[in-house]
Amino acid sequence: MSSTPRLELTSEQDQAWRARGAWTVRHAGELDEFLDELHIEAERIDARDIERLDSAGAQLLSRFARRIGLDQAAIVLKDE
């Protein structure tokens with residue numbers, strides 16, 4: 001069973017956020033609603049703890065980053 005996707009503040013000073021869990025189509029509805037209601041300032045999003053990422057999750061993460069004024073380079077992904 002996939003773990004619930006989350007986005008958590010990791011450093012107030014750096015305005016860094018960490019994405020965790022499964023960012024997949026299975027969780028797309030709840031994730032879309034959560035991200036739409038989230039109004040934050042961020043310098044970067046650390047996505048290295050995302051367990052599973054499919055195209056739906058990637059689209060949600062990208063759209064959220066653009067909405068809060070980040071470009072794609074501000075999203076840190078795992079090297080695989």
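The values are calculated or read from the model by the stated rules, or taken from the named source; none is laboratory data. In this text, all values refer to a predicted model and were calculated from it rather than measured experimentally. Glycine also receives a Cβ, built like all others from the backbone with ideal geometry; neighbour counts cover every protein chain displayed. Note: areas computed on protein heavy atoms with side chains; ligands, DNA, RNA excluded. Shrake-Rupley method; radii C 1.70, N 1.55, O 1.52, S 1.80 Å.
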If every Lys and Arg gets +1 and every Asp and Glu gets -1 at its Cβ, then about the Cα centre segment 1-79 yields a dipole, in debye to the nearest 20, of 280 debye
Rounded to whole Å, √(5λ) for the Cα gyration tensor eigenvalues of segment 16-63, largest first, gives 16, 14, 8
Expressed per residue, the solvent accessible area of the chain in Å² (1.4 Å probe) is about 64 Å²
One would report the Cα pair-distance distribution of the chain, bin width 5 Å, in %, as 3, 16, 30, 29, 16, 5, 1
Relative to the chain, whose Cα atoms define the longest principal axis, helix 28-37 and its Cα axis are tilted in degrees, nearest 10, by 20 degrees
A 1.4 Å probe over the protein heavy atoms gives the chain a carbon and sulfur accessible-area percentage of 43 percent
